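The values are calculated or read from the model by the stated rules, or taken from the named source; none is laboratory data. Because the structure is predicted, anything quoted here is derived from the model rather than measured. Glycine also receives a Cβ, built like all others from the backbone with ideal geometry; neighbour counts cover every protein chain displayed. Heads up: the accessible areas ignore ligands, DNA and RNA and are worked out on the full protein's heavy atoms, side chains in. Shrake-Rupley method; radii C 1.70, N 1.55, O 1.52, S 1.80 Å.
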Amino acid sequence: MPARRVVITGSSVISALGCGNDLNWKGLSEGRSGVRKITHFDASGYKTQIAAEVPDFDPSRWLSSKETRGTDLFIQYALASATEMMQASGLLNSESKLSEELADQAAVILGCGLGGLPFIEEGKLTVVEKGPSRLSPFFIPSVISNLAPGQVGLKFGCRGSNYAIASACASGAHAVGEAYRAIVFGTAKVVITGGVESTITPLAIAGFNSMRALSTRNEEPTKASRPFDLNRDGFVVGEGAGLLLLEDYEFALKRGARILAELVGYGSSCDAHHITAPAPEGAGAARAMALALKDAQVNPDQVGAINAHGTSTGLGDIAETQAIKKIFGSAAKGIKVSSTKSMVGHTLGAAGGVEAVYTVMALEKQIVPPTINLDEPDPECDLDFVPHHAQDHAHEYALSNSFGFGGTNVSLLFKRFKG
């Protein structure tokens with residue numbers, strides 16, 4: 001166990017299940033799908049016409065018109081989620097800023113896979129159709145990934161480290177892991193961290209379609225994301241934000257913060273195998289999980305639940321199953337393995353943050369979310385994937401896995417906090 005303990009004192013999530021923790025937990029516990037027909041653009045001519053869009057997002061609930069003007073949606077999601085979380089944190093003064101004493105020790109580290117792709121597509125059309133002089137001066141600050149943490153740091157006066165991590169679908173998890181290390185190593189007392197993404201765009205859907213990566217179950221959107229099911233046909237693109245507030249345990253204790261859970265282990269690895277396909281038998285994923293357990297000095301048989309990467313892809317689901325069995329051995333059959341992507345789709349760079357929030361919620365409530373649409377389990381995916389319905393489940397430790405193109409793997413280990 002590291003000398004400096006790292007605790008979670010706040011969280012906020014925006015996803016296809018709604019804006020805010022309560023709506024998300026309600027949707028998860030009910031096993032409700034947020035997948036629907038795409039409305040962000042006319043997808044009628046695309047092979048895939050469905051996605052897990054955020055419903056009813058009104059940035060004016062959290063942000064001023066100045067903050068939303070000229071900002072891509074991924075930045076708005078980051079700001080909205082951070083605002084909700086920080087307003088409940090007890091860390092802000094009357095001007096909604098951190099104190100001068102804390103500001104230099106407050107960092108913002110967020111993951112984002114693709115940045116402002118909607119603005120990039122719109123900007124290209126503007127230049128081609130109307131000329132370069134008509135491009136918005138907000139274009140560059142709206143598309144670069146680090147403006148999500150940059151805008152959050154500006155809003156709350158965080159003067160510590162501030163950067164974005166881009167590691168495809170592991171971006172959010174890498175961000176949480178590096179935030180954890182910042183506190184362990186003593187370079188920060190407080191870190192706003194997690195992942196954000198909004199890339200349900202013509203170019204993204206066309207690109208994933210050209211890879212044959214997406215589900216084309218257009219007539220049954222709510223049944224399209226089906227991790228570990230024999231009849232899965234690809235993943236469903238999602239969007240949103242999942243943020244955590246990490247603090248040094250002693251600092252949180254001294255200020256009387258409500259502690260939701262503890263982050264005790266972080267492991268990352270690379271397959272060094274293929275740009276998109278997982279390593280044989282999930283070797284890289286297994287190394288990431290083993291490193292997280294080693295970091296926390298926790299034995300495999302102590303882990304009770306895993307929020308799987310579980311994307312609903314043929315190779316990925318099998319590789320993750322194999323990796324879990326390799327690390328946990330005979331104990332693997334007793335672990336509850338959920339894929340919350342079955343309900344909110346694959347939020348890409350945001351996934352590690354969104355799923356970390358869900359893992360913390362499950363630990364606190366001692367309930368594991370279901371994997372919906374698991375009607376006919378793939379014989380090669382033979383673990384307890386919590387089919388269809390949430391389950392009460394007493395567990396002390398839970399892993400959250402995130403894997404990405406390029407062979408990048410992250411595993412985060414959370415511990416239930418009992419006071």
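When the Kirkwood radius is taken over all Cα pairs of segment 67-160, what Stokes-Einstein diffusion coefficient follows at 10 °C and 1.306 mPa s, in µm²/s?
110 µm²/s
Write down, largest first, the equivalent ellipsoid semi-axes of segment 246-346 in whole Å, where each equals the square root of 5 times an eigenvalue of the alpha-carbon gyration tensor.
They are 28, 16, 15 Å, listed largest first.
Among 4-12, 297-305, 174-182, how do they line up by average Cβ neighbours within 10 Å per residue, starting with the highest?
Ranking the peptides 4-12, 297-305, 174-182 by packing returns 174-182, 4-12, 297-305.
Scale the Cα Rg of the chain by the rule-of-thumb value 2.2 N^0.38 Å and send over the ratio, two decimals.
0.92
Val128 to Asp56: FRET efficiency via 1/(1 + (r/R0)^6), r the Cβ-Cβ distance, R0 41 Å, to the nearest 0.05?
After rounding, the FRET efficiency stands at 0.80.
Please report, as a whole percent, how much of the solvent-accessible surface of segment 89-175 comes from carbon and sulfur atoms (probe radius 1.4 Å).
Accessible surface attributable to carbon and sulfur in segment 89-175 totals 57 percent.
Show me the three semi-axes of the equivalent ellipsoid for segment 166-299, from the C-alpha gyration tensor (sqrt of 5 times each eigenvalue), largest first, rounded to whole Å.
For segment 166-299, the ellipsoid semi-axes come out as 34, 20, 14 Å.
If I model a spin label at Asn209 and Arg159 as a point 7 Å from the Cα along the Cα→Cβ vector, what separation in nanometres do I get?
Inter-label distance under the simple model: 5.1 nm.
Pull out a ≥ b ≥ c, the square roots of the eigenvalues of the alpha-carbon gyration tensor of segment 361-406, then state rounded if a/c is under 1.5, prolate if not and a/b is larger than b/c, and oblate in the remaining case.
oblate
Given 0.36 nm per residue, what is the gain on full extension from Ser99 to Leu135 after removing their alpha carbon distance, in nm?
9.1 nm
What translational diffusion coefficient, to the nearest whole µm²/s, does segment 176-236 have by Stokes-Einstein, given a Kirkwood radius computed over alpha-carbon pairs, a temperature of 4 °C and 1.567 mPa s viscosity?
Estimated diffusion coefficient is 88 µm²/s.
Quick one: if you take sqrt(5λ) for each eigenvalue of the C-alpha gyration tensor of segment 145-189, what semi-axes come out, biggest first, whole angstrom?
Here the semi-axes work out to 17, 16, 6 Å.
If packing is taken as the average number of other Cβ atoms within 10 Å across a peptide's residues, how do 322-331, 98-107 rank, most packed first?
322-331, 98-107
Can you give the Kirkwood hydrodynamic radius for segment 97-244, in Å, rounded to one decimal and based on Cα pairs?
About 17.4 Å, per the Kirkwood formula over Cα pairs.
Gln87 to Arg255: FRET efficiency via 1/(1 + (r/R0)^6), r the Cβ-Cβ distance, R0 25 Å, to the nearest 0.05?
0.95
Ignoring ligands, DNA and RNA, what accessible area per residue does the chain give at 1.4 Å, in Å²?
38 Å²
Starting from the Cα coordinates of segment 267-404, work out the convex hull volume and express it per residue in Å³.
Looking at segment 267-404, the number lands at 99 Å³ per residue.
Compute the distance in nm between two label points, each set 7 Å from the Cα along the Cα-to-Cβ direction, one at Leu315 and one at Ser64.
In this crude label model, Leu315 to Ser64 measures out at 4.9 nm.
Kindly provide the pair-distance distribution of segment 28-114 built from C-alpha pairs, with 5 Å bins from 0 and whole-percent values in order of increasing distance.
Cα pair-distance distribution for segment 28-114, in percent: 3, 9, 16, 16, 20, 15, 8, 7, 4, 2, 1, 0.
Distance between Cα centroids, segment 378-404 to segment 61-93: provide it in whole Å.
That distance is 32 Å.
When the Cα centres of segment 123-164 and segment 1-36 are compared, how far apart do they sit, in Å?
27 Å
When the accessible area of segment 245-352 is computed with all protein chains present and a 1.4 Å probe, what percentage of it is carbon and sulfur?
54 percent
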